[in-house]
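Values quoted throughout were computed directly from the atomic coordinates according to the rules given, and no laboratory measurement underlies them. Note that the structure is predicted; figures quoted are calculated from it, not measured. Heads up, the Cβs are rebuilt from the backbone with ideal geometry, glycines too, and the neighbour counts pull from every protein chain shown.
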Amino acid sequence: MAEQSKEVYVEPSVEQATGLASKFVKAIVSEAVGRHGICYLGLVGGTTPHGLYLRLASDGCSGDVPWQNVEVFFGDERDVPQDHVASNYHMAQRTLLDHVPIELMHIHPMPADSEDIQGAAAEYEKAIRKAVPSGDQGIPRFDLILLGMGGDGHTASIFPNTEAVSETEKLVAAYHVPVLGRNRMTITFPLINAARNVILFVTGSDKADAVAKLLDNDPEARADLPVSRVNPAKGNFKIILDAAAARSANLKYL
């Protein structure tokens with residue numbers, strides 16, 4: 001795999017990192033809509049993007065983001081109903097989607113609570129392939145995929161030492177995560193790395209050790225981190241950190 005090319009941004013606080021991430025998201029959405037009339041957006045779940053979505057919803061009220069021309073998919077989901085407090089879709093709905101003018105038909109939750117989660121993952125991949133135009137490798141190209149990272153280096157729901165790390169055929173996978181004792185549905189690296197833009201947004205001191213590994217110049221140091229496989233060779237890759245997440249990596253504010 002080719003060496004990653006990253007743009008790394010470090011902000012003094014969570015609030016400032018959130019503001020920068022919001023700025024980039026809005027610019028990418030607007031540029032994509034201007035280029036081909038629609039922005040294909042992959043949203044992240046978890047705790048970190050909560051503030052980002054609130055910021056985007058607040059900024060979206062100004063009318064400077066063409067949300068009506070955005071089509072939304074999700075990067076991963078937990079095996080819970082869509083109205084469950086732990087649902088990534090439910091969090092995004094409460095913080096962002098209910099507050100910006102995206103048409104309901106353009107929002108595609110992952111059906112990770114399906115009794116046939118493998119079949120549901122295959123259907124979700126079909127929905128992506130139908131909606132999102134493919135690049136020259138035959139893989140759909142999202143205009144932007146947002147990602148987060150756990151302290152163990154997982155991203156989306158691609159956890160260390162699981163089959164999802166090395167998945168090369170499926171664009172959406174469903175599998176059991178032993179460390180969680182639960183099933184997860186997730187997009188995979190072939191889809192992530194086909195995107196035009198990827199933003200990895202990471203905050204908090206509990207991520208500092210993993211961030212330091214990720215940004216280490218020695219590939220061996222980060223080899224056990226799933227997130228190290230994010231490598232959009234024909235796209236832009238931005239990593240946005242707050243000072244707490246960057247503290248072990250000896251990075252200055254940029």
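Could you tell me which GluC sites (Glu not before Pro) in segment 109-213 are loop residues by DSSP with no more than 14 other beta carbons within 10 angstrom of their beta carbon?
Glu115, Glu169
So what are the ³J(HN,Hα) numbers for segment 81-94, from phi and the Karplus equation (6.51, -1.76, 1.60; θ = phi - 60°), rounded to whole Hz, Gly and Pro as x?
For segment 81-94, the Karplus-derived couplings read x, 5, 9, 6, 4, 8, 6, 4, 4, 4, 4, 5, 5, 5 Hz, x marking Gly and Pro.
To the nearest 0.05, how large is the calculated FRET efficiency for Val165 and Ser58 if R₀ is 41 Å and r is the Cβ-Cβ distance?
With a Förster radius of 41 Å, E is 0.70.
Take the alpha carbon atoms of segment 109-137, find their center, do the same for segment 13-90, and report the distance between the two centers in whole angstrom.
19
What are the lysines whose alpha-carbon lies under 29 Å from the alpha-carbon of Lys170, with same-chain residues fewer than 8 places away excluded?
In chain and number order, the partners are Lys6, Lys126, Lys130, Lys207, Lys213, Lys234, Lys238.
Taking θ = phi - 60°, what integer Hz values does the Karplus form 6.51 cos²θ - 1.76 cosθ + 1.60 yield along segment 24-30, in sequence order, with x for Gly and Pro?
5, 4, 4, 5, 5, 4, 5
Rounded to the nearest 5, what % of the DSSP beta bridges within the chain are antiparallel ones?
35
Which far-off residues, 5 or more places away or on another chain, put their amide H under 5 Å from the one on Asn183, with H placed in the peptide plane?
Asp79, Val177
Provide the per-residue ³J(HN,Hα) series for segment 194-200, in order, calculated from phi with Karplus coefficients 6.51, -1.76, 1.60 and θ = phi - 60°, each as a whole number of Hz, with x at glycine and proline positions.
8, 5, 6, 9, 10, 10, 9
List every residue whose amide H lies under 5 Å from the amide H of Val8, counting only residues 5 or more places away in sequence or on a different chain, with H placed 1.01 Å from N in the peptide plane.
Ile239
So how much slack lies between Arg182 and Leu104, counting 0.36 nm per residue of separation and subtracting their Cα-Cα distance, in nm?
In short, 25.2 nm is gained.
With labels modelled as points extended 7 Å from the Cα through the Cβ direction, what inter-label distance (nm, one decimal) is found for Arg94 paired with Ser30?
Each label point lies 7 Å from its Cα, and together they span 3.0 nm.
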